[in-house]
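Once you've had a glance at the structure underneath, I'll fire off some questions.
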Amino acid sequence: VGALQMDLLVAAASCDVSRVLSLQWSHTVSPAILSWAGVGEGHHELSHKDDSNTQGVADFVASERWFAEQFSLFLDKLATTQEADGSGSLLDTSTVVWVKELGDGRLHDFKSVPFVIAGGGNGYFSSGRYMQFSNEPHQKLLVSLAHSVGVEIETFGVDDITGPLTGLTG
């Protein structure tokens with residue numbers, strides 16, 4: 001079903017039905033068991049395994065690897081689909097964001113939440129880098145993403161946190 005949903009998203013973007021796409025594999029406390037990835041326990045349960053539970057940690061890593069592979073497949077689909085006007089691939093002209101909801105799922109910690117930004121974004125972001133921002137709220141990244149699509153806002157969600165993250169733009 002996920003592969004078909006990704007195909008549908010690419011089709012919607014390629015014929016310009018929508019330029020804002022979203023895919024969520026499951027909900028926050030996902031009971032999904034990724035048996036096709038060799039995992040026999042629910043994703044949420046695995047996210048709380050202690051490091052001493054080596055099999056549980058390995059199964060969680062296998063689950064997370066599967067999600068990363070799906071993200072990569074989605075990017076490949078965008079990269080192999082050309083814009084109708086010939087301006088490049090959908091990946092060249094898109095900004096694709098993959099985000100986890102927590103920095104540390106076992107602690108339910110919102111610090112150091114990982115984000116992956118992929119795609120050319122029409123050159124808005126400098127790509128091919130790993131960046132780490134100490135003590136910067138993710139709202140600043142959301143402001144930067146809004147700026148990348150021409151929405152000039154200074155806050156996102158919380159009014160006392162303003163401005164984009166510095167160093168992201170191309």
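The values are calculated or read from the model by the stated rules, or taken from the named source; none is laboratory data. Values in this document were obtained by computation on a predicted structure and should not be read as measured data. With ligands, DNA and RNA removed, areas are computed over all heavy atoms of the protein, side chains included. Shrake-Rupley method; radii C 1.70, N 1.55, O 1.52, S 1.80 Å.
Keeping to pairs on different chains or 8 or more places apart, tell me how many lysine pairs in the chain have Cα atoms under 26 Å apart.
Taking the chain as the scope, the lysine pair count is 6.
From zero up to wherever the largest Cα-Cα distance of segment 1-41 sits, split into 10 Å bins and tell me the percent of pairs in each.
25, 39, 24, 11
Once amide H atoms are placed 1.01 Å from N in the peptide plane, what residues at a sequence separation of 5 or more from Ser94, or on another chain, have their amide H within under 5 Å of its amide H?
Gly120, Gly121, Asn122
In 10 Å bins starting at zero, report the fraction of Cα pairs in segment 47-88 per bin as a rounded %.
In whole percents, the pair-distance histogram is 27, 27, 20, 15, 10, 1.
Just from the alpha-carbon atoms, what are the Rg and Dmax of segment 114-170 in angstroms?
My reading of the Cα-based Rg and Dmax gives 11.1, 31 Å.
Determine how large the accessible area of Trp98 is when every protein chain is in place; take a 1.4 Å probe and give Å² rounded to the nearest 10.
Here the accessible area works out near 70 Å².
Post the alpha-carbon centroid distance, segment 28-42 to segment 94-162, in whole angstrom.
27 Å
Just to check I understand the Karplus step: with θ = phi - 60° and J = 6.51 cos²θ - 1.76 cosθ + 1.60, what whole-Hz values come out for segment 3-17, glycine and proline as x?
So the Karplus estimates, Gly and Pro as x, are 4, 5, 5, 5, 4, 5, 4, 5, 4, 4, 5, 5, 9, 6, 6 Hz.
Here is a follow-up. Using the eigenvalues of the Cα gyration tensor, what equivalent ellipsoid semi-axes result for segment 64-131 when each is taken as the square root of five times the eigenvalue, whole Å, largest first?
The answer is 28, 14, 8 Å, longest axis first.
Oh, and also: Which value in deg cm²/dmol, rounded to the nearest 500, describes the helix-derived mean residue ellipticity at 222 nm for the chain, given -39,500 (n - 2.57) per DSSP H run of n ≥ 4 and division by the residue count?
-10000 deg cm²/dmol
OK, next. Once you treat every alpha carbon in segment 1-125 as an equal point and sum by Debye, what is log10 I(q)/I(0) at q = 0.10, 0.12, 0.13, 0.22 Å⁻¹?
Debye output, listed in q order: -0.38, -0.54, -0.62, -1.26.
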